[in-house]
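Asks: Submitted below is the structure of interest, expressed as structure tokens.
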Amino acid sequence: MSKRVVIIGGGVIGLCTAYYCARRGFAVTVVDRNPPERDGCSFGNAGMIVPSHFVPLAAPGMVKLAFKWMWNPASPLYIKPRLDSDLMGWGVKFMKAANAGHVRRAAPLLRDLSLASRKYFEELASLPGIKFGLVKKGLLMLCKTEHALEEEAKMAEQARSLGIPAEVLDSKKAAALDPGARMDIAGAVYFPMDCHLTSRRFMQALETLTKASGTRFLWGTEILETEVRDGRLQAVVTSNRKKIEADEFVLCGGSWSANLARQLGLRIPLQAGKGYSLTIPKPRQLPEICSICTEARLAVTPMDGALRVGGTMEIAGLDETVNPVRVRGIIDSFCRYFPEFTPADFNGIEPWRGLRPCSPDGLPYVGRTRRLQNLSIATGHAMMGLSLGPVTGKLIAGILSGEPPPWDISMLSPDRYA
């Protein structure tokens, strides 16, 4: 009989997991709390595939930046003041992880996962009838100041030591590489292996592929209760009082994963990092290469003739409201890097927001749990959910098949804070 697999969460991680599990012949059911016409992180993100991002969020200097920015609601990182034991515990773990040793250990693994995921994106893009706008032209890290360029040059040197190509460019060379938009910068670092795509089209492609593989979807369905027996999760009871039994369960619930994990007696420290994006449908200039404005922590991506601008990290719990101060900060910062644009270009554009699941050490949770032998976790990817989606799905499908992972992923263990 085919192994029955229930995947909790229908974002990019859940759908990638569903696709690769279905390809192995498993009977897959995806349960998601949202309707099919959802608009979470998997849809409004920057659409970037980034082997260049081998440094986890918890890195040297981030604690200092966090304290500098946390009191300014328009800054790239804002922590909403609140008395919350989970937030305080998460913050302590973040500070412990933000060191050079952690980055040194994590970087090779993140490199391997990102490069493998890039290959899987290419494989998906080559399937008949599957189109999601994959563009393989690299990424520019844009620097307004010489100091930022010097710091990014050090990152480029580290990237090259890991086998990731990187080139430091002055402003003229950066402009020559992408003449489609005028940039006011001191220079840039070019990562030719990075790619971008149209995130909504990619999600549509994943749904098409998983449905064709026989995957069943239960939209608008929450998990209310769980049944555990003999060290195994036997079944989940949904909001429509339906009991779903399975041989394997995979928790891919994004920022909401910690709540269900707690119900199952697991400690999966997570904080929701709210990000925003705005998409100009007919921009006055359109770059060909995606970019990141380094000092402002903004992502800029061309998507099917439109231009998406997004970023910021707002730690405010499971709060999905839009903070207009942060949106204004994104617009103002973008216009400083791309001076042909003005804030008026964003008039009438409704800002998107999404909650990215962030672990304290900046690494995702991927793998089985000790407490429940048939429960796997795949969440906590922060800004890397899209980029690491395919490789995460492949890893989980392999684990459920009893295969050892092709890399040592012990750093990603869901039990590392147990």
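Asks: Take residues that are hydroxyl-bearing (Ser, Thr, Tyr) and over 15 Å from Ser255 (Cα atoms) and tell me which of the strands (runs of 3 or more DSSP E) falling wholly in region 313-418 contain 1 or more.
Replies: Numbers: elements: 352-358, 365-368, 375-379.
Result: 375-379.
Asks: Report whether or not Val28 is modelled with pLDDT of 85 or more, touching a Cys at 6+ places or on another chain (Cβ under 6 Å) and not basic (Lys, Arg).
Replies: Details: modelled with pLDDT of 85 or more: yes; touching a Cys at 6+ places or on another chain (Cβ under 6 Å): yes; not basic (Lys, Arg): yes.
Yes; evaluated as a whole, the condition is true for this residue.
Asks: Starting from residues that are more than 21 Å from the chain's Cα centre (by Cα) and open to solvent by 10 Å² or more (accessible area, probe 1.4 Å), keep the ones in region 247-256 and report whichever is farthest from Arg297 (Cα to Cα). Write out each step before concluding.
Replies: The first filter runs over region 247-256 and keeps only residues more than 21 Å from the chain's Cα centre (by Cα), leaving 247-249.
Then drop every residue that is not open to solvent by 10 Å² or more (accessible area, probe 1.4 Å), which leaves 247-248.
Details: Asp247: 42, Glu248: 39 Å.
Checked region 247-256; the qualifying residue farthest from Arg297 (Cα to Cα) is Asp247.
Asks: Now a separate question. Filtering region 351-381 down to residues that are surrounded by fewer than 22 Cβ atoms within 10 Å (Cβ to Cβ) and without any contact (Cβ under 8 Å) to a residue 60 or more places away in the chain, which residue is nearest to the chain's Cα centre (by Cα)?
Replies: Gly367
Asks: Something else about it: Can you name the condition, by its number, that Met313 falls short on among (1) surrounded by fewer than 21 Cβ atoms within 10 Å (Cβ to Cβ); (2) farther than 30 Å from Gly231 by Cβ; (3) in contact (Cβ under 8 Å) with a residue 40 or more places away in the chain?
Replies: The single condition Met313 does not satisfy is (1).
Asks: Pick from region 50-67 the residues that are among the aliphatic types (A, V, I, L, M) and not in a loop (DSSP other than H, G, I, E, B): which of them is surrounded by the fewest Cβ atoms within 10 Å (Cβ to Cβ)?
Replies: Step one: of region 50-67, the residues among the aliphatic types (A, V, I, L, M) are 50, 55, 57-59, 62-63, 65-66.
Right, trim to not in a loop (DSSP other than H, G, I, E, B) and you get 62-63, 65-66.
On the way: Met62: 18, Val63: 17, Leu65: 15, Ala66: 19.
Residue satisfying both the conditions and the ranking: Leu65.
Asks: Write out, first by first residue and then by second, each pair whose Cβ atoms fall under 6 Å of each other, whose residues are 6+ apart or on separate chains, and whose first residue, in region 68-88, is closer than 20 Å to Arg328 by Cα and open to solvent by less than 80 Å² (accessible area, probe 1.4 Å) while the second is assigned to a loop (DSSP other than H, G, I, E, B) and of a type outside the set (Ser, Thr, Tyr).
Replies: The qualifying pairs are Pro76/Arg297; Ile79/Met70.
Asks: Within region 113-156, can you find the residues that are within 22 Å of Ala58 (Cβ to Cβ), open to solvent by less than 50 Å² (accessible area, probe 1.4 Å) and out of contact with any His (no Cβ under 9 Å at 6 or more places or on another chain)?
Replies: Across region 113-156, the qualifying residues are Leu113, Ser117, Met141, Ala148, Glu152, Ala156.
Asks: Among the candidates Ile289, Ile280, Ile315, single out the residue that is over 20 Å from the mean Cα position of the chain (by Cα) and of a type outside the set (Asp, Glu).
Replies: Every option except Ile280 fails the conditions.
Asks: Of all residues in region 295-310, how many are under 21 Å from Ala186 (Cα atoms) and in contact with a strand residue (DSSP E or B) (Cβ under 6 Å, 6 or more places away or on another chain)?
Replies: Applying the first criterion (under 21 Å from Ala186 (Cα atoms)) to region 295-310 yields 295-301, 309.
Right, trim to in contact with a strand residue (DSSP E or B) (Cβ under 6 Å, 6 or more places away or on another chain) and you get 297-301, 309.
Within region 295-310, residues that are under 21 Å from Ala186 (Cα atoms) and in contact with a strand residue (DSSP E or B) (Cβ under 6 Å, 6 or more places away or on another chain) number 6.
Asks: Kindly evaluate Thr226 against the criterion of being of a type in the set (S, T, N, Q), within 26 Å of the chain's Cα centre (by Cα) and open to solvent by 10 Å² or more (accessible area, probe 1.4 Å). Step through it out loud before you land on a result.
Replies: Working: of a type in the set (S, T, N, Q): yes; within 26 Å of the chain's Cα centre (by Cα): no; open to solvent by 10 Å² or more (accessible area, probe 1.4 Å): yes.
In short, no.
Asks: Exactly one condition in (1) free of Cβ contacts under 8 Å to residues at least 12 places away in the same chain; (2) within 30 Å of Ile292 (Cα to Cα); (3) of a type in the set (S, T, N, Q) is false for Ser255; which is it?
Replies: (1)
Asks: Only residues that are under 20 Å from Gly11 (Cα atoms) and among the hydroxyl-bearing types (Ser, Thr, Tyr): list them for region 187-227, please.
Replies: Hits for region 187-227 are Thr198, Ser199, Thr208, Thr210, Ser213, Thr215, Thr221.
Asks: Also, quick follow-up: Please work out which residue is most open to solvent (accessible area, probe 1.4 Å), limiting yourself to region 333-349 and to residues that are touching a residue at least 60 places away in the same chain (Cβ under 8 Å) and of a type outside the set (Phe, Trp, Tyr).
Replies: Among residues in region 333-349 that are touching a residue at least 60 places away in the same chain (Cβ under 8 Å) and of a type outside the set (Phe, Trp, Tyr), the one most open to solvent (accessible area, probe 1.4 Å) is Arg336.
Asks: Now, a different point. Which ones in region 1-49 are closer than 19 Å to Ala378 by Cα, within 21 Å of the chain's Cα centre (by Cα) and either part of a loop (DSSP other than H, G, I, E, B) or among the basic types (Lys, Arg) (or both)?
Replies: Gly9, Gly10, Gly11, Asp32, Arg33, Asn34, Gly40, Asn45
Asks: Do you know which of the residues in region 169-186 that are in contact (Cβ under 8 Å) with a residue 24 or more places away in the chain and touching a Lys or Arg at 6+ places or on another chain (Cβ under 8 Å) is farthest from Pro287 (Cα to Cα)?
Replies: That would be Ala186.
Asks: Still on this model: Answer yes or no: is there a residue in region 270-293 that is in contact (Cβ under 8 Å) with a residue 12 or more places away in the chain, of a type in the set (Asp, Glu), in a loop (DSSP other than H, G, I, E, B) and in contact with an Asp or Glu (Cβ under 7 Å, 6 or more places away or on another chain).
Replies: Applying the first criterion (in contact (Cβ under 8 Å) with a residue 12 or more places away in the chain) to region 270-293 yields 270-293.
So of that shortlist, the ones also of a type in the set (Asp, Glu) come out as 288.
Checking the rest, the ones that are also in a loop (DSSP other than H, G, I, E, B) come to 288.
Going one step further and asking which of them are in contact with an Asp or Glu (Cβ under 7 Å, 6 or more places away or on another chain), we end up with 288.
Yes, some residue in region 270-293 is in contact (Cβ under 8 Å) with a residue 12 or more places away in the chain, of a type in the set (Asp, Glu), in a loop (DSSP other than H, G, I, E, B) and in contact with an Asp or Glu (Cβ under 7 Å, 6 or more places away or on another chain).
So that you can scan it fast, the table gives a plain yes or no per residue for (1) open to solvent by 70 Å² or more (accessible area, probe 1.4 Å); (2) of a type in the set (A, V, I, L, M):
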| position | (1), (2) |
| --- | --- |
| Ser213 | no, no |
| Leu218 | no, yes |
| Asp230 | yes, no |
| Val237 | no, yes |
| Arg241 | yes, no |
| Ala258 | no, yes |
| Gly265 | no, no |
| Leu278 | no, yes |
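The values are calculated or read from the model by the stated rules, or taken from the named source; none is laboratory data. A quick note: this is a predicted structure, and the numbers were derived from the prediction, not measured. Positions of Cβ are backbone-derived with ideal geometry, glycine not excepted, and every protein chain shown enters the neighbour counts. Note: areas computed on protein heavy atoms with side chains; ligands, DNA, RNA excluded. Shrake-Rupley method; radii C 1.70, N 1.55, O 1.52, S 1.80 Å.
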